[in-house]
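Colleague: Structure incoming, see below.
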Amino acid sequence: MESIWKQQIELPQRSMLQEDIHIKNVVIGAGMAGLLTAYLLQEQGQEVVVLEANTIASGQTGHTTAKITSQHNLIYAYLIEKFGEEKALQYGRANEKAIQEYERIIQKEKIKCHFRRCSAYLYTEQPEKVTELENEVQAARLCGIEADFTKETELPFPVAGAVRFHNQAQFHPLEFVKKISEKLTIYEHSRVVRLEDHCVFTEHGMVEAEHVIFACHYPWILTPGYYFLRMHQERSYVLALEVEKSMGGMYLGVDAEGCSFRGMEENGKHMLLFGGGSHRTGENIEGGKYQMLRNRAEQWYPDSKERAHWSAQDCMPLDKIPYIGYFSSDIPNWYVATGFGKWGMSSSMVAAEIITDMILGLENENEEVFAPQRFPVTAMSGNLAENTAKSVKGLSKQLLTAQEVPSKCSHMGCKLEKNADEGTWECPCHGSGFSAEGKLLRGPAQENLGMYHS
């Protein structure tokens, strides 16, 4: 199931790494975060290569709804309560700056990628949640973000209230990626099989670099870092609908069954990206997520036509803040960008700017709040306990059903569950995905299932 972006853009193929290279910087992963990091480093005169296990933007970058926004659900009141105003300010400032940096690059490179400034909204249909939205407006303003409360939206149903962030943005992610990747040295089908300090090994070549950047969605290395304990993954679903009238803003519901909306134009036609149905990986055994969206589309947009449908997967950090910075305090030349939640476009730029500054030896005023070594126990203890319980449950189920096929995830041995909507196998512990035949689709697992025969 191809996204609407992949239907429209074909990216040039790159060769496989088949030699040994000695260079200043190597980036693992050619998604938005990896490509932006490589672009900014190269812009500063740094030598850099990118290693990609599959093809450019084949992961989450090709499945995003492509909202570039500092509005990350109900986040700012939470950040102020858990971390204080200064760190909340750093978070908001970094994400607002990310929008500006996209605009700078687009203007500099003259990229035609349907970039457009627009408002972003959080909405609720429940009157009892209005106070929560009003609090979010005040918190966002404390963080320097232009926000207000409104009941006026473009949605096809009435709302009890909405938070509006002004001057946010949206774009076509693959049109942007195609242009910025032109000047970069990228090796596709070059999966990293092991690392030894400064040396990154693929099956057919090795890169020795002073700096190693993990921008591969979910770090597969268990230690150091222990990212498998600090994140889980969630899947969500999108329909691309041809509609009669375009939508100017971007919308996300904060209610349990809330949906995501954003408009786009394609060859003079009005399109709507309509999403929802989020769940933890391994928890869609019955399916029905696409059908739920189609039922709502029929109700709200009865004359719409479905042009594409697809799903996306996101790494959810313990405390709602991405992990950006040093991979581990034990290895100072490794860096990481992961745990973007559902906000990969703005977080990718935040990561690229912070990691570039760190490599250049420059101070970044916003890096502290994203540091992977932050470990605020009060903010993360509940989610850590839940993640651990899920992992133990998955491992326990594996012991009880050892004769089933497929038997276990090739990452850490958790019992896999079927995603009925996708026809795939998913790991409920850490989010790895496999085809019905057992072929690896996404990590952190690095190997096919034993049942797979190429």
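Colleague: Out of LEU229, LEU222, I need the residue that is modelled with pLDDT under 95 and in a helix (DSSP H, G or I). Which one?
Modeller: Checking each option against the conditions leaves just LEU229.
Colleague: For HIS198, indicate whether it is open to solvent by 30 Å² or more (accessible area, probe 1.4 Å), over 30 Å from ILE75 (Cβ atoms) and not charged (D, E, K, R).
Modeller: Here the answer is yes, as HIS198 does meet what is asked.
Colleague: Quick check on SER328: is it touching a Gly at 6+ places or on another chain (Cβ under 8 Å) and surrounded by fewer than 16 Cβ atoms within 10 Å (Cβ to Cβ)?
Modeller: In short, no.
Colleague: While we're here: Restricting the stretch 206-219 to residues that are open to solvent by 40 Å² or more (accessible area, probe 1.4 Å) and assigned to a strand (DSSP E or B), which is farthest from GLU188 (Cα to Cα)?
Modeller: GLU210
Colleague: With (1) open to solvent by 10 Å² or more (accessible area, probe 1.4 Å); (2) closer than 23 Å to ASP197 by Cα; (3) of a type in the set (Val, Ile, Thr) as the list, and VAL26 as the residue in question, which single condition is left unmet?
Modeller: (1)
Colleague: A follow-up question, please. Within the stretch 239-280, work out how many residues are of a type in the set (A, V, I, L, M, F, W, C), in a loop (DSSP other than H, G, I, E, B) and open to solvent by less than 10 Å² (accessible area, probe 1.4 Å).
Modeller: 1
Colleague: Would you mind stating whether GLU306 is open to solvent by 50 Å² or more (accessible area, probe 1.4 Å), within 30 Å of SER246 (Cα to Cα) and not in a loop (DSSP other than H, G, I, E, B)?
Modeller: yes
Colleague: Still on this structure, I have one more. Given (1) more than 23 Å from MET231 (Cα to Cα); (2) open to solvent by 60 Å² or more (accessible area, probe 1.4 Å); (3) modelled with pLDDT under 95; (4) in a loop (DSSP other than H, G, I, E, B), identify the lone condition not met by MET412.
Modeller: Result: MET412 passes all but (1).
Colleague: Does the stretch 26-43 contain any residue that is farther than 17 Å from CYS143 by Cα, in contact with a His (Cβ under 8 Å, 6 or more places away or on another chain) and not hydrophobic (A, V, I, L, M, F, W, C)?
Modeller: There is at least one residue in the stretch 26-43 that is farther than 17 Å from CYS143 by Cα, in contact with a His (Cβ under 8 Å, 6 or more places away or on another chain) and not hydrophobic (A, V, I, L, M, F, W, C).
Per-residue answers, yes or no, for (1) within 21 Å of the chain's Cα centre (by Cα); (2) more than 17 Å from TYR123 (Cβ to Cβ):
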{"residue": "GLU266", "(1), (2)": "no, yes"}
{"residue": "PHE274", "(1), (2)": "yes, no"}
{"residue": "ASN284", "(1), (2)": "yes, yes"}
{"residue": "ALA308", "(1), (2)": "yes, yes"}
{"residue": "ALA312", "(1), (2)": "yes, yes"}
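Colleague: When you look at ALA297, is it under 23 Å from GLU152 (Cα atoms) and without any contact (Cβ under 8 Å) to a residue 12 or more places away in the chain, yes or no?
Modeller: No; evaluated as a whole, the condition is false for this residue.
Colleague: Further question: When residues of the stretch 66-117 are filtered for being acidic (Asp, Glu) and either buried (at least 21 other Cβ atoms within 10 Å of the Cβ) or touching a Ser or Thr at 6+ places or on another chain (Cβ under 8 Å) (or both), how many remain?
Modeller: Residues meeting the conditions: 1.
Colleague: Please enumerate the residues belonging to the stretch 131-149 that are of a type in the set (Val, Ile, Thr) and in contact (Cβ under 8 Å) with a residue 40 or more places away in the chain.
Modeller: ILE145
Colleague: Across the stretch 170-205, which residue is modelled with the lowest pLDDT among those that are assigned to a helix (DSSP H, G or I) and basic (Lys, Arg)?
Modeller: Here the residue is LYS183.
Colleague: Do the conditions hold for GLU10, that is, is it in a helix (DSSP H, G or I), free of Cβ contacts under 8 Å to residues at least 60 places away in the same chain and out of contact with any strand residue (DSSP E or B) (no Cβ under 6 Å at 6 or more places or on another chain)?
Modeller: When the stated conditions are applied, GLU10 does not pass them.
Colleague: Right, next: If ALA160 meets every condition in (1) open to solvent by less than 10 Å² (accessible area, probe 1.4 Å); (2) more than 27 Å from the chain's Cα centre (by Cα) apart from one, which number is that one?
Modeller: (1)
Colleague: Here's a follow-up. Looking at GLU81, GLU43, which one is more than 20 Å from ALA352 (Cβ to Cβ) and free of Cβ contacts under 8 Å to residues at least 40 places away in the same chain?
Modeller: Step by step, each of GLU81, GLU43 is checked, and only GLU81 is more than 20 Å from ALA352 (Cβ to Cβ) and free of Cβ contacts under 8 Å to residues at least 40 places away in the same chain.
The values are calculated or read from the model by the stated rules, or taken from the named source; none is laboratory data. What you see is a predicted model, and the numbers here were worked out from it, not measured in a lab. So basically every Cβ, Gly included, is an ideal-geometry build from the backbone, and we count neighbours across all protein chains shown. Areas reflect the complete protein model, heavy atoms only, side chains present, ligands, DNA and RNA absent. Shrake-Rupley method; radii C 1.70, N 1.55, O 1.52, S 1.80 Å.
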